[in-house]
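Read the structure below first, then the notes.
The values are calculated or read from the model by the stated rules, or taken from the named source; none is laboratory data. Note that the structure is predicted; figures quoted are calculated from it, not measured. Cβ atoms come from the backbone with ideal geometry, glycine included; neighbour counts cover every protein chain shown. Only protein heavy atoms, including side chains, enter the accessible area calculation; ligands, DNA and RNA are left aside. Shrake-Rupley method; radii C 1.70, N 1.55, O 1.52, S 1.80 Å.
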Amino acid sequence: MYVYYNTLCFIINKFFTHESNNLGIKKAGPRAVNFLELFEGGGLARAAGFGELALRQVAEHVDRSLESYMAAKEIQENWPVRERLAVCISANPGAQYSIARGARMARRLDAELYVMYVDAGRDGSEGKEKSLAANFRFAEDLGAKVVRLVGRSVANAAAKFVREKHITQVIFGRTAARGLRRFLYLTSLHRFLDDAPTVDVHIVTHEGE
């Protein structure tokens with residue numbers, strides 16, 4: 001247990017001394033490093049569980065501070081402490097399959113999960129809005145942060161969001177379409193890849209409408 005405690009302290013002190021001084025991050029307060037009194041009498045399992053939570057909170061704090069630093073210095077490359085995963089969806093009910101896949105990946109990676117929808121002015125019918133609202137609720141139930149963007153080009157709007165939020169992995173859904181719809185989908189995907197920063201892209205095929 002004490003080895004685990006010492007390891008936690010070493011990792012946190014590394015972030016909040018040498019590394020944090022270089023990035024201008026504030027040092028951790030006493031509550032962030034005073035684990036020992038919480039460990040005593042709790043057993044190794046409790047210590048391990050709290051340690052995982054503590055490390056996650058440290059990563060989130062450093063990631064937020066790092067994002068502010070990168071914005072101030074106009075750094076465009078991805079330097080995240082945590083993985084950030086975004087699922088780009090449409091109003092198609094089949095998009096929930098992509099959302100579920102993204103949620104599973106986010107849990108495995110301990111990643112921050114976003115679900116983004118780009119309103120390009122083509123899904124304005126009442127039926128589409130109801131389907132989109134259902135997709136949003138499904139995403140929120142799985143712990144995702146839902147973001148509704150506006151833009152004439154889905155590819156350009158998605159790339160801008162990925163750049164601003166320093167997303168590391170993106171999931172795009174697609175139906176098993178052929179002909180012109182397939183061509184338009186691939187064209188949009190290539191446009192996104194040309195405009196986006198370095199990011200891993202996953203394609204998830206789901207049923208059409």
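Based on Cβ point charges of +1 for Lys and Arg and -1 for Asp and Glu, what charge dipole magnitude is obtained for segment 93-204 about its Cα centre, in debye rounded to the nearest 20?
Here the size comes out at about 320 debye.
Measuring from a point 7 Å past the Cα of Ala100 along Cα-to-C-beta, which residues in segment 107-140 have an amide N at less than 13 Å?
The answer is 138-139.
Using the Karplus curve 6.51 cos²θ - 1.76 cosθ + 1.60 with θ = phi - 60°, work out ³J(HN,Hα) for each residue of segment 190-196 in order, rounded to whole Hz, and write x for Gly and Pro.
5, 5, 4, 4, 5, 9, 7
Could you tell me the accessible area of Asp119 in Å² (1.4 Å probe, neighbours in place), rounded to the nearest ten?
Looks like 40 Å² after rounding.
In whole Hz, with x marking every Gly and Pro, tabulate ³J(HN,Hα) for segment 158-171 from phi via Karplus 6.51 cos²θ - 1.76 cosθ + 1.60, θ = phi - 60°.
5, 4, 5, 5, 4, 5, 5, 9, 6, 5, 9, 9, 10, 10
Could you let me know the centre-to-centre spacing of segment 166-190 and segment 139-157, using Cα atoms, in angstrom?
With segment 166-190 and segment 139-157 each reduced to a Cα centre, they are spaced 15 Å.
Collect residues whose amide H, placed 1.01 Å from N in the peptide plane, falls under 5 Å from the amide H of Asp119; neighbours closer than 5 in sequence don't count.
Close amide H contacts, sequence-distant or interchain: Leu149, Val150, Gly151.
Can you pull the one-decimal nm distance between simple spin-label points at Arg152 and Asp110, each 7 Å off the Cα toward Cβ?
Rounded to a tenth, the inter-label distance reads 4.4 nm.
What is the set of long-range amide H partners of Val201 at a cut-off below 5 Å, with H atoms built 1.01 Å from backbone N?
Amide H to amide H, under 5 Å and 5 or more residues apart or across chains, Val201 pairs with Val170.
Where does each of Arg101, Arg108 land when they are ordered by accessible area, with a 1.4 Å probe and the largest first?
The residues order as Arg108, Arg101, largest area first.
Given H placed on each backbone N at 1.01 Å, which residues far from Arg82 in sequence or on other chains put an amide H within less than 5 Å of it?
HN-HN under 5 Å from Arg82: empty list.
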